[in-house]
Amino acid sequence: MTEPKHDEILAPEEKEGAIYGYGPWPLLTLRCIVGGVMMGIANLVPGVSGGTMLLASGVYPRFVQAVAELSRFKFRKRSLFVLGLVALCAGVAIAVLADVIKGATVEYRWAMYSLFIGLTLGGVPVVWGLARPADGRVFAGALPAFVLMVVLAGLSDGETGSASGFGVMFVAGLLGASAMILPGISGGYLLVLMGAYLPVLDAIATCTDAVRAGTPMAAKEALVGVVLPVGLGVVLGVLVVSNLIERLLEKHEKPTLGALLGFLCGSVLGLWPFREFYRPAVGDVVSGARLTAERLAELPAHKWPTRAFEPTLLQAAGAVGIATLGFLLTALLAKYSNREPSELAIDHETTQER
């Protein structure tokens, strides 16, 4: 007796959308693995958006839909599969590659950022395929999104003071989580702009040290003043933005895909590879706070500020080659799908079941 094919054992409602809509089972698995790993790595690199990596790998629309469905306590197998596999791969990538990626980002920043430029641009054909046939609505959505990314890329690196207060920290968590869902915007970058990046890191370190020392009450101020409001903001941000994006893709697909395309293209502007880390001095403002001698001594190299430098011919050629490899990785992933790109979008029929 022959074993039934995958599409023969699926229930009728499972033959559309998140799993089946991505083509063969191995292709869906590959998309989720690549997207999850890239998202995890992106969260380790300042200025790189995890949402961009999901969009580039072609799994973004289904990931957003999966989060939105779970937030409504709608437990569909395909949503659990997509969300679970992406989250698992992202977590493994962070746990396994954290030291390697941070070290490579410090020592070979131009190479790492060239790779992310290629990975990002490789997703453009995926989103363009989702938006075709393009019309004025697509370009109307793309232009303001692109301009927003230009503005963000031109903002200074965190010389905005140090944020404090329950409300400010709640908003910081809300915006940071939103950036996890929105492609092109780095959550850590927004925290830096708000002056909340360093306070959040300090609060987490304080809580961790207190737990290890067996005196958790010593971290009460950090827990209540920073960790709690940021955590609440993160949860609300993920739920609100995922549902918002899903609804926009359902009701206003063309302009929303145009905006995603604008975010994707514009995010490259913040990834200029030819910058180098340099050791700051006492009194400099880094990550929204003025450095003291004690903070400077404890500041790791991957959190030093950066400055532009003139690349050598070898570095320029290497950057082009690495970016090309990144582009081919995500572009070929979409090309070898057995389904048309338009079938990767939000499953409208399942959203109508609500």
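Does Leu121 satisfy the criteria of being among the aliphatic types (A, V, I, L, M), in a helix (DSSP H, G or I) and over 16 Å from the mean Cα position of the chain (by Cα)? Spelling it out, it is not the case that Leu121 is among the aliphatic types (A, V, I, L, M), in a helix (DSSP H, G or I) and over 16 Å from the mean Cα position of the chain (by Cα).
Contact map, the stretch 242-256: first residue closer than 12 Å to Glu69 by Cα, second residue outside any helix (DSSP H, G or I), Cβ cut-off under 7 Å, separation 6 or more or different chains; pairs are Glu246/Ile346. Just so you know, in the stretch 69-115 the residues that are within 30 Å of Pro305 (Cβ to Cβ) and of a type in the set (Phe, Trp, Tyr) include one that is farthest from the chain's Cα centre (by Cα), and it is Tyr108.
State whether one or more residues within the stretch 5-18 are modelled with pLDDT of 85 or more, surrounded by 14 or more Cβ atoms within 10 Å (Cβ to Cβ) and touching a Phe, Trp or Tyr at 6+ places or on another chain (Cβ under 7 Å). So far as the stretch 5-18 goes, no, none of its residues is modelled with pLDDT of 85 or more, surrounded by 14 or more Cβ atoms within 10 Å (Cβ to Cβ) and touching a Phe, Trp or Tyr at 6+ places or on another chain (Cβ under 7 Å). Annotation: Glu246 fulfils all but one of (1) in contact with a strand residue (DSSP E or B) (Cβ under 6 Å, 6 or more places away or on another chain); (2) buried (at least 20 other Cβ atoms within 10 Å of the Cβ); the unmet one is (1). Among the residues of the stretch 302-319, those identified as among the aliphatic types (A, V, I, L, M) and surrounded by 13 or more Cβ atoms within 10 Å (Cβ to Cβ) are Ala316, Ala319. Residues in the stretch 105-118 that are under 12 Å from Ile41 (Cα atoms) and at pLDDT 80 or above: Met112, Tyr113, Leu115, Phe116. For the stretch 59-78, the criterion of being at positive phi and modelled with pLDDT of 85 or more is met by at least one residue. Residue-level check: of (1) among the basic types (Lys, Arg); (2) closer than 28 Å to Leu130 by Cβ; (3) touching a Phe, Trp or Tyr at 6+ places or on another chain (Cβ under 8 Å), Arg275 misses just (2). Checked against the criteria, Leu299 does not count as under 19 Å from the mean Cα position of the chain (by Cα), modelled with pLDDT under 85 and among the aliphatic types (A, V, I, L, M).
Residues considered: Val285, Val268. Of these, the only one that is surrounded by fewer than 21 Cβ atoms within 10 Å (Cβ to Cβ), closer than 30 Å to Ala145 by Cα and touching an Asp or Glu at 6+ places or on another chain (Cβ under 7 Å) is Val285. The test for being without any contact (Cβ under 8 Å) to a residue 24 or more places away in the chain and surrounded by 13 or more Cβ atoms within 10 Å (Cβ to Cβ) holds for Leu296. Filtering the stretch 29-68 to residues that are of a type outside the set (A, V, I, L, M, F, W, C), surrounded by fewer than 24 Cβ atoms within 10 Å (Cβ to Cβ) and over 13 Å from the mean Cα position of the chain (by Cα) leaves only Thr29.
When Val106, Val86 are checked against the criterion of being of a type outside the set (Ser, Thr, Tyr), in contact with a strand residue (DSSP E or B) (Cβ under 8 Å, 6 or more places away or on another chain) and either touching a residue at least 24 places away in the same chain (Cβ under 8 Å) or in a helix (DSSP H, G or I) (or both), Val106 stands alone in meeting it.
Under the condition of being within 13 Å of Cys32 (Cβ to Cβ) and either touching a residue at least 24 places away in the same chain (Cβ under 8 Å) or exposed (fewer than 13 other Cβ atoms within 10 Å of the Cβ) (or both), the residues counted in the stretch 70-83 number 4.
Of all residues in the stretch 261-273, those that are among the aromatic types (Phe, Trp, Tyr) have Cβ atoms under 6 Å from Cβ atoms of residues that are in a loop (DSSP other than H, G, I, E, B), 6 or more apart or on another chain, in Phe263/Pro183; Phe263/Gly184.
Taken over the stretch 305-335, the criterion of being free of Cβ contacts under 8 Å to residues at least 40 places away in the same chain and among the aromatic types (Phe, Trp, Tyr) is satisfied by Phe309 alone.
The values are calculated or read from the model by the stated rules, or taken from the named source; none is laboratory data. Given the structure is predicted, the values throughout are model-derived calculations rather than measurements. All Cβ positions, glycine included, derive from the backbone under ideal geometry; neighbour counts span all protein chains shown.
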